[in-house]
Amino acid sequence: MRTRNLIVRGSAWGAALALAIAAAWVPGRAPLAQESGHGYGSDWESWKAGNSVADLASLQRGARDFLNYCNGCHSLQFMRYSRVGQDLKIPPKLLAEYLVPSTRKPADYITSPMPAADAESWFGKQPPDLSLIAQDRGVDYLYQYLTTFYVDPSRATGANNLALATTAMPDVLSELEGLKRAVFRNEQVAGATQPVFDHFETIVPGSLTREQYASFVRDIVNFLDYVGEPNQDHRRALGVWVVLFLLVFTWLTWLLKKEYWKDVH
Ligand code: HEC
């Protein structure tokens with residue numbers, strides 16, 4: 001009876017602990033990029049992706065949008081379509097119908113159809129494979145990169161970027177985001193006058209609002225975060241159980257010790 005009580009009490013305690021740990025593990029959602037009062041974009045360096053690889057719907061949207069908007073130039077050479085389908089719980093029929101190009105098979109790696117030589121001559125450099133870009137640069141950088149394109153007629157692509165100055169990538173999402181101009185102010189830097197970015201001004205609005213565009217970018221960044229380490233969500237979930245098991249096990253061992261030593265004293 002006493003043991004049974006202990007087990008009942010123990011499992012209630014364990015459940016409470018599990019809840020507490022699970023609550024602490026829910027990844028924080030960063031607020032939408034705020035305007036700082038100095039004009040839109042003046043605080044771009046502090047913009048956060050605020051993505052969560054536990055958000056399956058966001059990953060599914062990110063996969064769809066990546067394949068639509070980015071895969072024409074960028075590959076994910078370590079990832080197969082079928083793996084994306086499995087991990088993101090996309091039914092094989094929908095995967096084959098909407099996400100796998102007609103010339104490819106689900107088991108193929110997500111390469112890009114763009115011939116390397118063409119890429120080289122069009123952009124002056126090859127669009128990099130993005131399998132590990134989220135690991136390499138971090139999700140906040142990716143978010144900032146995709147939200148700070150601006151019109152720059154002096155560039156061959158007509159666009160420039162705050163996160164990667166003189167980027168060779170065209171502003172491929174401008175239809176969604178709209179076109180914006182970067183306003184610079186002159187500042188004395190180390191004795192010389194230099195243009196310093198001040199804020200963005202919208203020239204042509206896009207088909208999405210600023211918030212919709214932010215969440216569109218967040219989904220793609222989320223997908224790239226998942227691609228960089230497809231097991232991360234599973235690994236975290238497993239980690240919680242391992243810690244819980246160790247705690248419960250320690251507690252049982254302590255109870256056993258008490259039980260054994262009871263008669264000795
Ligand atoms: C028309 C071709 C093209 C498309 C479409 C395209 N990119 Fe690019 N991308 C490039 C090129 C070219 C570069 C190399 C830029 C450089 O190094 O200056 C690049 C570079 C990048 C980089 C690396 C930036 C860095 O810091 O090195 C990221 C991240 C990226 N692209 C993300 C995306 C995403 C996400 C999409 C889809 C929304 C996309 N790209 C669509 C051509 C493209």
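What follows draws every value from the coordinates through simple rules; no lab data is involved. Quantities reported herein were computed from a predicted structural model and do not represent experimental measurements. Methodologically, a virtual Cβ is constructed for each residue, glycine included, from the backbone with ideal geometry; neighbour enumeration extends over all protein chains shown.
Which lysines, on any chain, are close to residue 105 with Cα under 26 Å apart, when same-chain ones fewer than 8 places away are left out?
Answer for residue 105, where 26 Å is the Cα cut-off: 89, 93, listed by chain and number.
Arrange 118, 140, 225 by Cβ neighbour counts within 10 Å, fewest through most, would you?
Neighbour counts put them in this order, fewest first: 118, 140, 225.
How charged is the neighbourhood of residue 206? Take every other residue with its Cβ under 15 Å from the Cβ of residue 206, and add Lys/Arg as +1 and Asp/Glu as -1. Don't skip to the end; give the middle numbers.
Working: positive: 180, 181, 210; negative: 65, 171, 175, 177, 201, 211.
Summing Lys/Arg as +1 and Asp/Glu as -1 gives -3.
Ranking request for peptides 98-111, 43-56: highest mean number of other beta-carbon atoms within 10 Å first, then the rest in descending order.
Working: 98-111: 14.1, 43-56: 18.4.
Highest-to-lowest ranking by the protection proxy: 43-56, 98-111.
Can you tell me the orientation of helix 210-228 relative to the chain, as the angle in degrees between its alpha-carbon axis and the longest Cα principal axis, to the nearest 10?
Taking the Cα atoms of the chain, the angle to 210-228 is about 60 degrees.
Quote the relative contact order of the stretch 37-230 in percent (integer), defining contacts as alpha-carbon pairs under 8 Å separated by 6+ residues.
Details: 297 pairs, mean separation 59.0, N = 194.
Answer for the stretch 37-230 is 30 percent.
In the neighborhood of residue 143, defined by Cβ-to-Cβ distances under 10 Å, what is the net charge if each Lys or Arg adds +1 and each Asp or Glu adds -1? List each step's numbers first, then the result.
Working: positive: 48, 218; negative: 140.
For residues surrounding residue 143, the net value is +1.
Counting Lys and Arg as +1 and Asp and Glu as -1, what is the net charge of the other residues whose Cβ lies under 12 Å from the Cβ of residue 180?
Working: positive: 181, 210; negative: 152, 171, 177, 201.
Every neighbour counted, the sum reads -2.
Return the whole-Å distance between the Cα centroid of the stretch 61-127 and the Cα centroid of the stretch 131-170.
Taking the Cα centre of each part, the stretch 61-127 and the stretch 131-170 sit 20 Å apart.
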